[in-house]
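FYI, it's all coordinate maths here, none of it is from the lab. Remember, it's a predicted structure, so these values are computed and weren't measured experimentally. Quick reminder, even Gly has a Cβ in these numbers, built from the backbone with ideal geometry, and neighbours come from all protein chains shown.
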């Protein structure tokens, strides 16, 4: 294989999780076990863009857990950062998604609502195109979790991937809730199983701890990862060295 035909290395997308107006990371998705990294989410995002981030992933944790929302700061970040921004957290209907899309968000990330109503994904893709709609499946093992990871859905990833493909989804985010924010690293076998279940663009939504995990993504043919704690604490250098 010539160098020009080598697959692109996995894209590492910095994550800014917003809770109570600050940039935080949670341990295993628990909103009561937070680490505050920046008082200002905008400052956090500017930091990663300044280091070369081609995209920033924002999560409104308050909206995801029903504790409130951070739409004003998200709109400001979208306007000021100068790179594509994707946003997830609490987007449970078409109206909420379209408020963000109309404010300039590059793509919305649908979680619980996609699990409960895959037709919402079809509607959004039909209206805005598959490049502006992403679904996030957050799971413990291969059981999908919902409502800010607080509840099990009783559904397996394998139950949902065919439905999502059928409604036109192109990009899936998969998060292993048991490893998100823990710096424990990825579970290779789980990554392999999810890769087999979803053959279109696959992004890992958490669990990456170091360069070895980025190498694992490359070896398994996974296109990218959303990374938070590892780059905030330096266990994964950013920009990420070639693997």
Which peptide among 87-96, 9-18 comes first, and what is the full order, when sorted by highest mean count of other Cβ atoms within 10 Å? 9-18, 87-96
Over the chain, calculate the relative contact order: mean separation of alpha carbon pairs under 8 Å at least 6 apart, over the residue count, as a percent. 19
Could you please state, rounded to a whole Å, how far the C-alpha centre of segment 198-243 is from the C-alpha centre of segment 62-125? 23
For segment 12-233, state the semi-axes of the equivalent ellipsoid (square roots of 5 times the eigenvalues of the alpha-carbon gyration tensor), sorted largest first and rounded to whole angstrom. 23, 21, 17
Run through every distinct alpha carbon pair of segment 146-243 and return the Kirkwood hydrodynamic radius in angstroms, one decimal place. 14.1
For a quick protection proxy, order the peptides 132-140, 119-127 by their average other-Cβ count within 10 Å, most packed first. 132-140, 119-127
Given the options 205, 228, 50, state which has the largest fluctuation in a GNM of the chain using a 10 Å cut-off (strictly under) for Cα springs. 50
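If you restrict to DSSP beta bridges whose two residues both lie in segment 12-233, what percentage is antiparallel, to the nearest 5?
Taking every DSSP beta bridge within segment 12-233, about 35 percent pair in antiparallel fashion.
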What Kirkwood hydrodynamic radius, in Å, does segment 11-55 give when the mean of 1/r is taken over all pairs of distinct Cα atoms and then inverted? 11.0
In terms of the alpha carbon gyration tensor, root eigenvalues a ≥ b ≥ c, rounded if a/c is under 1.5 and otherwise prolate when a/b exceeds b/c or oblate, segment 1-135 is oblate
